[in-house]
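Following: one structure in structure tokens, then a few remarks.
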Amino acid sequence: MTELPPPTLRLRIDSDALTHNWQTLDELSGGARAGAAVKANCYGLGVDRCLPILRDAGCRDFFVAHWSEVPAVLRHVPADQVSVLHGPHGADHVSFARATGVRPVIDSLQQAKLWTEGGGGACDLMVDTGINRLGVAPADLSAPLIQALEVDVLMSHLACADEDSAMNARQLDRFRACLPAVKHKEASLANSAGIALGENYAFNLTRPGLALYGGTPRAELDGRIAQVAFPQAALIQTRELQAGDTVGYNATFTAPRAMRTGVVSLGYADGILRSWGGGHFVHADRKLPILGKVSMDMIVLDLTEAPELAEGDWVELPYCLSDAAQQTLLSQYELLTVLGRRFG
Ligand SMILES: *Cc1c(COP(=O)(O)O)cnc(C)c1O
């Protein structure tokens, strides 16, 4: 087949940074080991790129949300290291779990029944300690349907770990109180922000996601977590504007003087949403302001600070997640998971 020409946008993944972040979170987990939330295609960064790096760093526990996410993960790690957070919603999910060997996370009495009736086996169990999303109520842990389960990891999920909220200690106490109620091999409570709350929250296994990929949900992680994802795009055209010329849809930018501009080949279809308006790209530390509205596939930049740039040159969008979240008013999670599929 004819070879595909290289793309004009790319998502550079810093594999050393990803390794560093997992090791840092593993160390911060104290006596516990860190796993990895790899749902949503490793938060948008790509299972095929990120999973081998996490595995080679030493990670042995991987969490996806959907059953559809299992095959991609099994290309890289053994099934007994994979848990499916949303659990089984029908006999087909149960037979899929049993055929592949991945563990369902049981989130309700109904799911416990489905799993056991389908033949059961090792599973994880989510108990709700206050987020009221998924999970069995603490009072239901004594139910025969739950007592019949073969639980590897008994887990719960924190609602407010990125804040200094009384909710954190409350959930910790409730989770501790659940531990004697059901036989389990290991316990797990903390996500990325939960790890930063201290070793009390770590139990046997932690489940970081965001911070692996460069996010800093709490100030304690600032300076310890490295940026992993670097969106870059090539200039596909340059242009000389005269004073009074306008740029882009709805002509929202008017050139105050003659100026040189460049078009980069990425836009909101790639997850660079319109809330980036007023921001800038960079080239070797020089700022290239975004002019006018972000289009679906293109963004126009002011090249005043880098007059030598020409078609084919690459520029980068600053994607330090805490700064980018302030700039765009998106959450750090959204900034990662919106990134589109056209990046090379
Ligand atoms: C997504 C998720 C995580 C990871 O959370 P982060 O805040 O990204 O670290 C951990 N546990 C559960 C149950 C999740 O759904």
- Note on the structure: Final fewest-first order of ASP124, ASP173 on the 10 Å Cβ neighbour count is ASP173, ASP124
- Message: Give the list, by residue number, of cysteines in the chain with no other Cys Cβ closer than 4.7 Å, or say none.
- Response: CYS59, CYS123, CYS160, CYS178, CYS320
- Note on the structure: The exposure ranking of TRP314, TRP67, fewest beta-carbon neighbours within 10 Å first, is TRP314, TRP67
- Note on the structure: Net charge near ALA219 (other residues with Cβ under 13 Å of its Cβ; Lys, Arg +1; Asp, Glu -1) is -3
- Note on the structure: Expressed in nanometres to one decimal, the distance between label points 7 Å along Cα→Cβ at ASN132 and CYS320 is 3.8 nm
- Message: Can you compute the helix-only [θ] at 222 nm over the chain? Use -39500 (n - 2.57) per DSSP H run of at least 4 residues, normalise by all residues, nearest 500 deg cm²/dmol.
- Response: -7000 deg cm²/dmol
- To the nearest 10 degrees, the tilt of helix 47-57 (Cα long axis) against the first principal axis of the alpha carbons of the chain is 60 degrees
- Cα-based reach from LYS39 at 13 Å (exclusive), listing aspartates and glutamates while leaving out same-chain residues under 8 positions away: ASP48, ASP61, GLU69
- For LEU291, which sequence-distant residues (separation of 5 or more, or a different chain) have an amide H within less than 5 Å of its own amide H, given hydrogens modelled in the peptide plane? VAL300, LEU301, ASP302
- Angle between the Cα long axis of helix 15-28 and the longest principal axis of the chain, 0 to 90 degrees, nearest 10? 40 degrees
- Task: Grab the Cα-Cα distance for ARG239 and ASP80, subtract it from 0.36 nm times how many residues apart they are, and report the gain in nm with one decimal.
- Result: 51.7 nm
- Query: Regarding the chain, what is the average projected area of its C-alpha convex hull, in nm²?
  - Reply: 20.1 nm²
- Can you list the lysines whose alpha carbon sits under 21 Å from that of LYS185, skipping same-chain ones fewer than 8 residues off? LYS113
- Note on the structure: Counting only residues 5 or more apart in sequence or on a different chain, those whose built amide H sits under 5 Å from that of GLY121 are GLU150
- Message: Which aspartates and glutamates, if any, have their Cα less than 13 Å from the Cα of LYS287, not counting same-chain residues under 8 positions apart?
- Response: ASP302, GLU305, GLU316
- Alpha-carbon centroids, region 71-116 and region 286-303: separation in whole Å: 45 Å
- Note on the structure: Rounded to a whole number, the Stokes-Einstein D of region 14-213 in µm²/s (Kirkwood radius over Cα pairs; 20 °C; 1.002 mPa s) is 128 µm²/s
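Where a number appears in this text, it was derived from the coordinates with a stated rule and is not lab data. Values in this document were obtained by computation on a predicted structure and should not be read as measured data. Note that each Cβ is placed from the backbone with ideal geometry, even for glycine, and that neighbours are counted across all protein chains shown.
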